[in-house]
Amino acid sequence: MRMSIYEALNRSFTSPIRDSLWGHVYLTPELEAVVSSAPFMRLHRIFQMGPVYYVYPGATHTRAAHSIGVFHLARRLIHALAEQGADEWLTPAGVRSFLAASLLHDAGHFPYTHSLKELPLEDHEALTGKIILSSPMKDLVARSGADPYFAAAIVDTGLNAESKDGSRGGCGGDKELIFYRKLLSGCLDPDKLDYLNRDARYAGVPYGAQDVDFIFSRLRPNKERGVDIDSKGIPGVESILFSKYLMYKAVYWHRSVRSATSMIKKALIAALEKRVIAKEELYNLDDQGLFALMSARSRAAPILSLGDKVKNGCLYETIAEIPFDEYEHSGNVDYVDIAKRSASEERLAEALSDATGVSIAADEIIIDVPEPVSFETDLYVTDERRPFSKSSALVNEETIRSFKKKLRIQRVFLDQSSKKHVKWSERIVDILHTFNL
């Protein structure tokens, strides 16, 4: 007898994991084997928020806990949408594949949060797809009732969902695949709903808390768009967008967090350029493995000693903060491109050395430009028959533009030993302005 959608969502979910945020999260025995596998266990050794604990000491929860939370919300989400009519086009194998993809969506994630995000590496989604399609994960995912190829393609949009023999393991066609992709990555995705709630809880701040029960009650499934909302759900979406802004402003992009992140980036970019570290060596590491690799190679590339400084909390200090307007910026683009930033840092170190009489090496200075951050608003309000941005009284294109402008603060960081000898002056301000900082 063919398994139904609701059986796929409920049958054999008998193995509880106690989560500090959502309470009991139930897995099948097969999914319990997935979370006990070596690729998943690595996520227990990666802090979800990287160096945020320097500012918020409680923020030491792991990417594994987050992944389990995303799975839990994904199961609740697909159940709610199935009851609203999505069961007409979903397949049991597709549902199980979506749940596996949700649980494993970060399996290929880099260590130390997003410190490696701008480096010339494979996207972590592509690495996740490879993990799902490799031993032992491929067999474990298949035993859970999911199709590994379909699950991998949900996470990595560059993959084809078909196996080598052209089959889809009982899953539907491209429309079902696109539907799951929209659910896993969008305005109201389970990833965002978990990390905003979880990160706020552990950081001890009130900004991220979301009413997930209410949000799910206002969702309506759509084959092409993933989910729509009704007008009663507008405040829930507004809350998510404002929470994301506040979490970036106060937590994710705090100046100390940016300092630690930029130090790791600077060191690894130099090491990759000098071929002291191969990019493949940065895949499948955990946090401690990353620091150990940097320390072990620091003789060949002294810049890698920045890893030890970050590990020991010796962070570079801020000497300048200037808003970066991505809509209007037309100045020196060299330092905006992270691959060209070191040349600008060398010139800035030389100029500041001349101005202050203090010898400042290029390794002691960092220009930090946060990467663009997105605020997804492409939702459709069913009863008003118009986009969310036309329905919300608080969030529109101008609001999003203001969010981005306020968040993207470019900074100049300087090693503590040099900064204590540098006295601020108008001449330094002039130098920074010549660099469009």
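FYI, it's all coordinate maths here, none of it is from the lab. All values derive from a computational prediction rather than experimental measurement. Backbone-built Cβ (ideal geometry, glycine too); neighbour counts: all protein chains shown.
Restricting to Cα pairs below 8 Å that are 6+ residues apart, what does the relative contact order work out to for the chain? Please round to a whole percent.
15 percent.
With the Cα gyration tensor of the stretch 36-85 giving a ≥ b ≥ c as the square roots of its eigenvalues, does the rule (a/c under 1.5 for rounded; else a/b larger than b/c for prolate; else oblate) give rounded, prolate or oblate?
Cα axes put the stretch 36-85 in the oblate bin.
How charged is the neighbourhood of L159? Take every other residue with its Cβ under 10 Å from the Cβ of L159, and add Lys/Arg as +1 and Asp/Glu as -1.
-2
Rounded, prolate or oblate: which fits the stretch 226-288, taking a ≥ b ≥ c as square roots of the Cα gyration tensor eigenvalues, rounded meaning a/c under 1.5, else prolate when a/b beats b/c?
Prolate, because a/c is 1.5 or more and a/b exceeds b/c.
Which GluC sites (Glu not before Pro) in the stretch 347-426 pass both tests, a DSSP loop state and at most 16 other beta-carbon atoms within 10 Å?
Here the sparse-neighbourhood loop sites are E384.
If R0 is 30 Å, what FRET efficiency do you get for A355 and R401 from their C-beta distance, rounded to 0.05?
That gives a FRET efficiency of 0.30.
Specify the angular offset, from 0 to 90 degrees and rounded to the nearest 10, of the alpha carbon long axis of helix 174-184 from the longest principal axis of the alpha carbons in the chain.
In the chain, helix 174-184 runs at an angle near 50 degrees to the longest axis.
Mind pulling the angle between the C-alpha long axis of helix 63-83 and the longest principal axis of the chain? Nearest 10 degrees, somewhere in 0 to 90.
40
What residues from the stretch 76-120 fall in the zone where the backbone N is under 18 Å from a label point 7 Å along the Cα-to-C-beta line of D213?
Flagged as within label range: 76-81.
For D139 and K420, what does the FRET efficiency come to when R0 = 56 Å and r is the distance between their Cβ atoms, rounded to the nearest 0.05?
So the FRET efficiency works out to roughly 0.45.
Is there a pair in K223/K406; K192/K406; K311/K406; K279/K309; K117/K311 whose C-alpha atoms are over 25 Å apart, and which pairs would that be?
K223/K406; K311/K406
If you put +1 on each Lys and Arg Cβ and -1 on each Asp and Glu Cβ, how big is the dipole of the stretch 1-103 around its Cα centre, in Debye rounded to 20?
Roughly 340 debye, rounded to the nearest 20.
Run through the stretch 221-291 and list the GluC sites (Glu not before Pro) located in a DSSP loop whose Cβ has at most 15 other Cβ atoms within 10 Å.
Those satisfying the criteria are E224.
How high is the FRET efficiency between D430 and S4 when r is their beta carbon distance and R₀ equals 60 Å, given to the nearest 0.05?
E between D430 and S4, to the nearest 0.05, is 0.25.
Please give the calculated 222 nm ellipticity per residue for the chain, where each DSSP H segment of at least 4 residues contributes -39500 (n - 2.57) and the sum is spread over every residue; nearest 500 deg cm²/dmol?
Here the helix-only value at 222 nm equals -13500 deg cm²/dmol.
In Å and whole numbers, how far do the C-alpha atoms of the stretch 302-397 stretch along each principal axis, longest first?
Here the spans come out as 65, 34, 22 Å, largest first.
Percent relative contact order of the stretch 250-351, based on C-alpha pairs within less than 8 angstrom and at least six residues apart?
Dividing the mean separation by the residue count of the stretch 250-351 yields 27 percent.
Kindly identify the stretch 5-252 as rounded, prolate or oblate by the Cα gyration tensor criterion: order the square roots of the eigenvalues as a ≥ b ≥ c, call it rounded if a/c is under 1.5, otherwise compare a/b with b/c, prolate if a/b is larger, else oblate.
Oblate, because a/c is 1.5 or more while a/b does not exceed b/c.
Once both axes come from the Cα atoms, what is the angle between helix 287-296 and the longest principal axis of the chain, in degrees from 0 to 90, rounded to 10?
The two axes meet at around 40 degrees.
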